[in-house]
1. In the chain, carbon and sulfur make up what percent of the accessible area (probe 1.4 Å)?
2. Students often get this wrong: which residues of the stretch 1-26 have the backbone nitrogen under 18 Å from the point 7 angstrom along Cα-to-C-beta of residue 38?
3. Remind me, relative contact order of the stretch 84-215 in percent, using alpha carbon pairs under 8 angstrom and six or more residues apart?
4. Have a look at 260, 169, 236 and report the one farthest towards the positive end of the charge dipole of the stretch 157-273, computed about the Cα centre with Cβ charges (Lys/Arg +1, Asp/Glu -1).
5. Excluding ligands, DNA and RNA, what is the solvent-accessible area per residue of the stretch 73-160 at a probe of 1.4 Å, expressed in Å²?
6. Scaled to the compact-protein estimate 2.2 N^0.38 Å, what is the alpha-carbon radius of gyration of the chain, rounded to two decimal places?
7. Residues of the stretch 157-196 with backbone nitrogen within less than 19 Å of a virtual label 7 Å along the Cα-to-Cβ line of residue 143, please, listed as ranges.
8. Take the Cβ-Cβ distance between residue 11 and residue 198 as r, set R0 to 30 Å, and report the resulting FRET efficiency rounded to the nearest 0.05.
Amino acid sequence: DENGYLYLSGCSIANGVMIFDLNADPSNPPYLGRTPTNYSHDVYVRGDTLWTSDFNDGVFSVVDVTNKQAPTLLATQPTAFQGTHNAWLSDDGDYLFTTDERPNAFVEAYDVSDLGNIERIDQYRPLVTEGRGVYPHNVHYYEQYLVTSYYTDGLKIIDAARPHNLVETGSYDTYSGPDGGTNGCWGAYPYLPSGLILASDIQTGLYVFEPEYQRACYLEGTVRSSADDRPLSDVTVTILSDQANRALSDRNGQFATGQIEPGTFRVAFERID
């Protein structure tokens, strides 16, 4: 990390995340301690807070690593498909974005501004291949976008400027084989000084992209009954356009969706009682 500490996930000799001090001796860093968590598949650290993706437990854990010899567990949160693979924090530290490495799983957004009340606020998965066993792999947060490797669906760019309304705004399929499974795009890295994205496909190799990041067009609101103005839940909201989109109103009647294409469109509202 930026303070010269090394954090290792997935180690066979210990559960949790192992911590080493690179400041003391980078070639032979002393072991300091480990997190009080079970098997960690991936880890993100900022400052003295560590976010570990505990795949086998299906949760992400939040750990205070101020004392590297005795880290303290602050919170845990289950993810929807219970295969928590990786997590990445927003720049302001208020939101965490996760992937579950499971078929048909989501990229998820969590409000983590209050660790005593972590809240899942949105989920994204590609609607075009929904139900075909497609896996997400890794998500990275870059300037309010999620640059995501999505196995057989390739590279996905998701607008996360409004974390409660994740909208796909860019895509490139690196894999021409059938949908589903763990072939295809395994990693996507957006942090080069050039702004280029490096993506790795297990079958077809290295891709270098020059992205054009573009904000989505958002449709958000509240569905109410025309009879008595009460909020309506479980209403499917769809913008009638060429880009696949869909939202479902919550218990307060609120919904959020969007697409990349601007313009004027008809919107369908459907509720089955």
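1. Working: 6090 of 13350 Å².
The value for the chain is 46 percent carbon and sulfur by accessible area.
2. Correct set: 9-18.
3. Values: 358 pairs, mean separation 23.4, N = 132.
Relative contact order comes out at 18 percent.
4. Of the listed residues, the answer is 236.
5. Working: 3050 Å² over 88 residues.
Roughly 35 Å² per residue, with all protein chains present.
6. Working: Rg = 20.1 Å, N = 273, 2.2 N^0.38 = 18.5 Å.
Compactness ratio reported: 1.08.
7. Output list for this probe position: 157-163, 167-172, 188-196.
8. Working: r = 26 Å, r/R0 = 0.87.
Once rounded, the FRET efficiency stands at 0.70.
The values are calculated or read from the model by the stated rules, or taken from the named source; none is laboratory data. The shown structure was predicted, so the numbers you read here are calculated from the model rather than taken from an experiment. Ideal geometry is used to build each Cβ from the backbone, glycine not excepted, and the neighbour counts take in all protein chains shown. Side chains are part of the model used for accessible areas, which takes the heavy atoms of the whole protein and leaves out ligands, DNA and RNA. Shrake-Rupley method; radii C 1.70, N 1.55, O 1.52, S 1.80 Å.
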